[in-house]
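As structure tokens, the structure follows; a few thoughts come after it.
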There are 2 protein chains.
Amino acid sequence: MQINPERFLADLHTLRSFGAAGVGKGVVRPAYSDADVAARQWLAQRMRDAGLQVQVDAMGNLFGLADGRSLLMGSHSDSQPEGGWLDGALGVISALEVARAAAEAGGPAVSVVSFQDEEGRFGVTTGSAVWSGHLTLAQADVLTDHTGIALGDARQSVAVMVTGDVSPDQFTGFVELHIEQGPTLDESGEQIGVVTDIVGIRDMKITFDGQQNHAGTTPMHLRRDAFQAVSAFNAALNNRLRNVVTPQTVWTIGHVSLHPNASSIVPGRAVFSMQWRDADTDRLARMEQIIRDTASEIGSDQGMTLSFGPMLGLEPVAMNERLRTALEAGASVIAPENWRTMPSGALHDATNVSRLMSVAMLFVPSIGGVSHTFEEDTAEGDLVAGVRVLAHAVNHLESMP
Amino acid sequence: MQINPERFLADLHTLRSFGAAGVGKGVVRPAYSDADVAARQWLAQRMRDAGLQVQVDAMGNLFGLADGRSLLMGSHSDSQPEGGWLDGALGVISALEVARAAAEAGGPAVSVVSFQDEEGRFGVTTGSAVWSGHLTLAQADVLTDHTGIALGDARQSVAVMVTGDVSPDQFTGFVELHIEQGPTLDESGEQIGVVTDIVGIRDMKITFDGQQNHAGTTPMHLRRDAFQAVSAFNAALNNRLRNVVTPQTVWTIGHVSLHPNASSIVPGRAVFSMQWRDADTDRLARMEQIIRDTASEIGSDQGMTLSFGPMLGLEPVAMNERLRTALEAGASVIAPENWRTMPSGALHDATNVSRLMSVAMLFVPSIGGVSHTFEEDTAEGDLVAGVRVLAHAVNHLESMP
């Protein structure tokens, strides 16, 4: 098949015009907004133009279906409240271009999807979560955004497009091209990343309760200062994790809330988030044990009452071997000696879709490693290289046993 | 002179009835509230009953004046939003009892004051700040409380009581009895603390600006995590200060604000408070240098842009030698081998009054070291011991050269 880079880039820029922020290439196209619905209507027409049959489920997940059994490709076209032009959009438009080129070449059959609310206005990857059965529509409908609007009300904006449920049985697998959203490829100068795993996540609130006191009258040796406990926990944890982690493992204290949070008062309480990610379930569990043990020891040393909140857990997802091999074959042709395998540190729709079928993912570089901001960008040569790898992989799959 | 413990305690409990919280002995009597004004009217009547001439300045500072030149004693009768029954009230009622007993004994002349807004509904020790000339009435009038009410409007609630300015020239010095509000006396089992200095305070906001990033896609070695910088700064500072401080020195990070403060985002910015207190101006300056140097080194190590906010500075105040000697003489008689000298880690009205005249302070224990809470309390035997020390000191001053 023959990819058309001009047509692909033109469509990508047209999609950017829906909700264009007017700041760089940024977009404001949250799920179910006017801009999102208009973009989906335009996408549906482009799918029809490509000979695909348009179907939309109750969530607003938009499918362009090839005849018979097909490989599904795509991502999402909703954006962050202040988002970039490529996050999700690249995966949708590249899938459209590959489906179009494949149809022009007489095969293989490729279908396209744009999932809804990947960016989590109402939850986490809500559209693909419902399609994959991880969340029921009834559960999703009662989720609210930060202004209190329920998803069940918000999705009325796409009601006119809805055709009904879309069966996953017609698909042979799912492939998602996405910007990396991190600095690894940009730093190394490589053009393509073939994803090995989407990492698992553990996320837990930890609370130290000490003793709120006057910051003038309470001698240092009598204090039970909750901030000091957090700081000591952090330092001890950084030391202890070094023996367990790989260079791909990450851990973060991104949220800290002190009480009463005043300069003249020794903090009596600290609530903070502890999040860690790795592609290996066993390592995630070893890290959890170290986190719990360290918090317990520091809490005990510093006279704190310690409590752990409920733990959010998302399991790592390994990419399908056959699909990944096809992507690696494409990368070797399009970007010889200039690609790598790597885990995805971010969640994607592919995490949900993996409940239904084999999945694989491909990355292109993010300039400066930034995403979820108007500044997000990727060199157009890298974008086109990504589409070409997808096309090669689709052809390669045909030749595989 | 002859102190009357029953009369003293009865008055202290009556004052507690104005704004009684209904929780333990707690009171809710913020400056200019109905409870505060009613308490000042009752206090004014008790002053008249004791033969004192009542004068009230525009701020609502309430004086009960003895004839001729006199020693001024007192504290404040406003409370924290959720305050204890003794913070301020003890100093006012003990002064009233000593003035009353002195008048009954035919001398020496003792006047009484209850300052307004020591607890800082509108600022910091606002009433005595205006009386001492540290703040003009015009400056004070535009201060607002956290609901937006201006002091200039709030003080209309005491307008009916105002008689005019009260000259400081008539006073030979100022003595303030206060609860310790810390754990030192309660821990040691001592009954009396004679204050040597009110410590100086330095308070400064520090900001680390790093790089906000995705907590999944940003490898640890490429992060510029502002929380990690705060934690490393705190650990390094604790180590470095140990060579400089005394057991009375305190330092506190009581306020920390991360941005954007979300569990999935590497914090790009941290703003935090750094406060330190000591009775020695030179030591405060040495600590400042260590704080600035440490923040600079850690910031540089961790790729942070560092900025310091303006520094709030309140100088240490040494207690007057003559007044302090008189209090020590009283302590030796009333609590032999059971008192100590100590700095005051908290600010008091005496800090402001020291701009006008010699000052000294006396402490009695706080049970559990707690204050600014409904649980604040002191054994009645300790309260009475405090008043007796004051009475002895007043007599002792008469005999001093």
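The values are calculated or read from the model by the stated rules, or taken from the named source; none is laboratory data. Treat the numbers as computed from the prediction; the structure is a model and nothing was measured. Here the Cβ is made from the backbone with ideal geometry for all residues, glycine too, and neighbour counts use every protein chain on show.
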ask   = Scanning the range B:347-372 for residues that are outside any helix (DSSP H, G or I), within 10 Å of chain A (Cβ to nearest Cβ) and over 19 Å from B:L323 (Cβ atoms), which turns out modelled with the highest pLDDT?
value = B:S366
Every pair of residues 6+ apart whose Cβ atoms lie under 6 Å, when the first sits in the range B:322-341 and is on the phi < 0 side of the Ramachandran plot while the second is basic (K, R) = B:I334/B:R388
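Determine whether B:V124 is surrounded by 15 or more Cβ atoms within 10 Å (Cβ to Cβ) and out of contact with any helix residue (DSSP H, G or I) (no Cβ under 6 Å at 6 or more places or on another chain).
yes
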inquiry  = Suppose we filter the range A:85-115 for residues that are touching a Lys or Arg at 6+ places or on another chain (Cβ under 8 Å) and surrounded by fewer than 24 Cβ atoms within 10 Å (Cβ to Cβ); how many remain?
reply    = 1
ask   = Would the range B:172-181 turn up any residue that is assigned to a loop (DSSP other than H, G, I, E, B), touching a residue at least 24 places away in the same chain (Cβ under 8 Å), more than 10 Å from chain A (Cβ to nearest Cβ) and closer than 30 Å to B:A66 by Cα?
value = no
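Yes/no matrix, rows are residues, columns are (1) crowded, with 20+ Cβ neighbours inside 10 Å; (2) in contact with a helix residue (DSSP H, G or I) (Cβ under 9 Å, 6 or more places away or on another chain); (3) assigned to a helix (DSSP H, G or I):
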| residue | (1), (2), (3) |
| --- | --- |
| B:F272 | yes, yes, no |
| B:Q275 | yes, no, no |
| B:A295 | yes, yes, yes |
| B:S300 | no, no, yes |
| B:R322 | no, yes, yes |
| B:A329 | no, yes, yes |
| B:T341 | no, yes, no |
key: Subset of the range B:158-168 (residues that are within 24 Å of the chain's Cα centre (by Cα) and assigned to a helix (DSSP H, G or I))   = B:V158, B:P168
task = Those residues that are within 29 Å of B:S264 (Cα to Cα) and without any contact (Cβ under 8 Å) to a residue 40 or more places away in the chain, I need them from the range A:84-127; list them, please.
result = A:G120, A:G123
Positions within the range B:278-296 being under 21 Å from the mean Cα position of the chain (by Cα) and either within 16 Å of B:S231 (Cα to Cα) or of a type in the set (A, V, I, L, M) (or both), in sequence order = B:A279, B:L284
query = So which of B:Q156, B:Q212, B:Q139 is free of Cβ contacts under 8 Å to residues at least 60 places away in the same chain and closer than 30 Å to A:G83 by Cβ?
reply = B:Q212
remark   = Filter the range B:277-293 for residues that are closer than 30 Å to B:T218 by Cβ and surrounded by fewer than 17 Cβ atoms within 10 Å (Cβ to Cβ); the one that is nearest to the other protein chains (Cβ to nearest Cβ) is B:R292
Test: A:R240 is at pLDDT 95 or above and either more than 13 Å from A:G299 (Cβ to Cβ) or among the β-branched types (V, I, T) (or both) = yes
inquiry  = Here is a list: B:S188, B:S231. Which entry is modelled with pLDDT of 95 or more, out of contact with any Cys (no Cβ under 7 Å at 6 or more places or on another chain), within 29 Å of A:I201 (Cα to Cα) and of a type outside the set (A, V, I, L, M, F, W, C)?
reply    = B:S231
request  = Being out of contact with any Pro (no Cβ under 8 Å at 6 or more places or on another chain) and more than 8 Å from chain B (Cβ to nearest Cβ) is the filter; apply it to the range A:250-270 and report the residue that is surrounded by the most Cβ atoms within 10 Å (Cβ to Cβ).
outcome  = A:A270
ask   = Taking into account only those residues within the range A:29-50 that are touching a helix residue (DSSP H, G or I) at 6+ places or on another chain (Cβ under 6 Å) and outside any helix (DSSP H, G or I), which is farthest from A:S77 (Cα to Cα)?
value = A:A50
message = Being surrounded by fewer than 18 Cβ atoms within 10 Å (Cβ to Cβ), within 29 Å of B:P260 (Cβ to Cβ) and at pLDDT 95 or above: is that true of A:F308 here?
response = yes
task = For the range A:111-143, enumerate the residues that are in a helix (DSSP H, G or I) and among the aromatic types (F, W, Y).
result = A:W131
task = Could you please give the count of residues in the range A:182-235 that are of a type in the set (G, A, S), more than 7 Å from chain B (Cβ to nearest Cβ) and not in a loop (DSSP other than H, G, I, E, B)?
result = 6
remark   = Residues of the range A:1-34 being of a type in the set (G, A, S), within 21 Å of the chain's Cα centre (by Cα) and either surrounded by fewer than 21 Cβ atoms within 10 Å (Cβ to Cβ) or under 28 Å from A:T163 (Cα atoms) (or both), in sequence order, are A:G19, A:A31, A:S33
